[in-house]
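Heads up: the structure comes next, in structure tokens.
The values are calculated or read from the model by the stated rules, or taken from the named source; none is laboratory data. Nothing here was measured: the structure is a model prediction, and the numbers come from that model. Counting neighbours? That spans all protein chains shown, and the Cβs are built from the backbone with ideal geometry, glycine included. Side chains included, ligands, DNA and RNA excluded: accessible areas come from the protein's heavy atoms. Shrake-Rupley method; radii C 1.70, N 1.55, O 1.52, S 1.80 Å.
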Amino acid sequence: MTHQTIAILDYGSQYSQLIARRVREARVYCELLPWHAGADRLDHLRPVGIILSGGPSSVYDRGAPTLPDHVLARDVPVLGICYGMQLLAHELGGRVEPSPVREYGPAELTWIDTQSPLFAGLHPPMKVWMSHGDIITALPPGFVSLASTPTTEYAAMAHPERHIYGLQFHPEVAHTPNGIYLLENFLYTICGCRGDWTPANVIEDAIARIRAQVGDGRVICALSGGVDSTVAAMLIGRAVGDRLTCVFVDHGLLRLDEAQQVMQMFHRFLPVRVVKVDAQERFLRALAGVTDPEEKRRRIGHEFIRVFEETSRALGPFQFLGQGTLYPDVIESAGPGSTGHGAAAKIKTHHNVGGLPEDLQFELVEPLRTLFKDEVREVGLALGLPADVVYRQPFPGPGLAVRILGEVTPERLHTLRLADAIVREEIEGAGLGRDVWQYFAVLTPLRTVGVMGDNRTYGHVVAVRAVTSQDGMTADWAHLPHEVLARMSTRIVNEVPSVNRVVYDITSKPPGTIEWE
Ligand code: XMP
């Protein structure tokens, strides 16, 4: 390993992944481990610093997570955040007590030890985000206070000689606007990190690892046209050259002209063999008469595996399967019941048509396994992919099948494709493509009465869905300008035969989902 590593021990906070993302944004490699991960796992990482995350427990709860002895024994700097700080105070001889008022929300540091390396460059008053029930009422021996708010005397603490630090608030959240400087001070000044986790290093590192894993074997990779599988294939291609074969299965459920566009993109940016399998008819046959959303997904997944198996047999043999699995898919949870052992090797399944079952006799090559989505995008740009590919909106593996309510037929696919292309043109034409997370049309099974010219019509209803989101887990309906909605509606009704009504979906997630099926 050429880069320095920070270990983050996860005590169950909802913000643990966010800490990891912030550290990576500071160009420092980090890994998130459950707090009870064995000493051997940290030995393996050889961290230059350790961060203890927050968590929902109180140090006095029965069975509350503890601080394993090997953590401080390593003699590298430690930063405890929220529960992590309370744990340090508790284990090192300070006093932690239930706070008379649960502090949840914005607070202000009114006093800061500006001489401390942790707070270098920062001054009071400083806005921070608190979220805790317990509070430290006496510091452990050797510790000094670094900051306070009007209600929290020890909002930050340090044992300067042992390089142990604690923050009662959350530096990783956006509500602590200068929190990133605290994290950078910890990383650069206190741990001595160089900021060596750059896209160029990620690429070099990934290529070396792929070469070491694959040797002179052959790799097959399923491409979807999405950024993850494309970047994974580009890295594998750089590592093993023509011993990589990529397969793009056109299941006939893609958007207007998408199959050609995606193949052209591969041609330009992926200089390896890409085999396109035209399987539209097979998928349509498998979907004939099916209206249940889960059954559609099941049949598409099943068909995909069959097509992929046949293709790999015809082009093989291959010993390795390349996949674009991302870090959030493999992070072990620190939640109750997790053992911290063997939870990793998960492959995307039901949510991704590219997900293949483990009993295919391949060893997996997963060059994106340590990366967050933002990092994959950066690596993609550094590899020369254009922004429209790198920032392409997410598209479900089962494609338009889950946007056609009711049976999927060639006619209904055609209708939806035309309407969807208009939605995309209008949003992109208005310059809103980067602000809106996903935007598309849905074909409903409804027909309604309308009037066109002097004639009564009885046509189909198209729904427009556009949402804003950070990660797809929660979403809000996009408050699109009325002119944009008006143009979409007029164009869809005029340009798409048999559609006479357009509605806009104003449901957030939760309680709705982004897709309609
Ligand atoms: P929902 O509809 O659950 O979607 O709010 C969340 C995100 O996942 C995408 N999605 C899928 N992606 N296969 C995929 O690869 C699927 O079966 C699937 N279903 C939903 C959806 O587009 C959104 O980005």
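Some notes on this structure:
- Taking the longest Cα principal axis of the chain as reference, the axis of helix 373-382 is set at about 70 degrees.
- Taken over the range 409-504, the percentage of Cα pairs per 5 Å bin, counting from 0 up to the bin with the maximum distance, is 3, 13, 25, 22, 17, 12, 6, 2, 1, 0.
- Computed lengthening from Ser508 to Ser58, 0.36 nm per intervening residue step minus Cα-Cα distance: 158.6 nm
- For the range 199-390, accessible area per residue (1.4 Å probe, heavy atoms of protein chains only), Å²: 46
- Two-decimal ratio, the range 228-324, of alpha-carbon radius of gyration to 2.2 N^0.38 Å: 1.17
- Calculated FRET efficiency for the pair Thr448/His175, C-beta based, R₀ 60 Å, to 0.05: 0.85
- Within-15-Å neighbourhood charge of Ser116 [Cβ basis; K, R +1; D, E -1]: -2
- When Rg and Dmax are taken over the Cα atoms of the chain, they come to 26.4, 88 Å.
- For the range 43-53, the Karplus equation 6.51 cos²θ - 1.76 cosθ + 1.60, evaluated at θ = phi - 60°, returns couplings of 4, 5, 6, 6, x, 8, x, 10, 10, 9, 6 Hz by residue, with Gly and Pro reported as x.
- Working note: Karplus 6.51/-1.76/1.60 with θ = phi - 60° gives the range 275-291 the couplings 9, 9, 10, 8, 10, 3, 5, 4, 5, 5, 4, 5, 9, 4, x, 8, 10 Hz, where Gly and Pro are set to x.
- Distant-in-sequence amide H partners of Ala156 (H built 1.01 Å from N, under 5 Å): Leu146, Ala147, Gln168
- For Asp134, the residues 5 or more places off, or on other chains, whose built amide H falls under 5 Å of its own are Ser99.
- Percent carbon-and-sulfur accessible area, the range 5-190, ignoring ligands, DNA and RNA, probe 1.4 Å: 50
- Modelled label positions at Arg46 and Lys127, each set 7 Å beyond Cα in the direction of Cβ, lie 4.2 nm from each other.
- Cβ charges +1 (Lys, Arg) and -1 (Asp, Glu), total dipole of the chain, debye: 920
- Sulfur and carbon atoms: percent of accessible area, the range 199-390 [1.4 Å]: 51
- Radius of gyration and Dmax over the Cα atoms of the range 1-139, both given in Å: 15.5, 48
- Surface composition of the range 463-509: carbon plus sulfur atoms contribute 55% of the solvent-accessible area (1.4 Å probe, protein chains only, all chains present).
- Here the 3J(HN,Hα) profile of the range 435-448, calculated from phi with Karplus coefficients 6.51, -1.76 and 1.60 at θ = phi - 60°, is 7, 9, 5, 9, 8, 6, 9, 10, 9, 8, x, 8, 10, 9 Hz, Gly and Pro shown as x.
- Given charges at Cβ of Lys, Arg, Asp, Glu: the chain dipole, positive-most of Phe372, Pro150, Thr66: Phe372
- The loop-placed GluC sites (Glu not before Pro) in the range 359-447, going by DSSP, that have at most 16 neighbouring Cβ atoms within 10 Å of their Cβ come out as Glu407.
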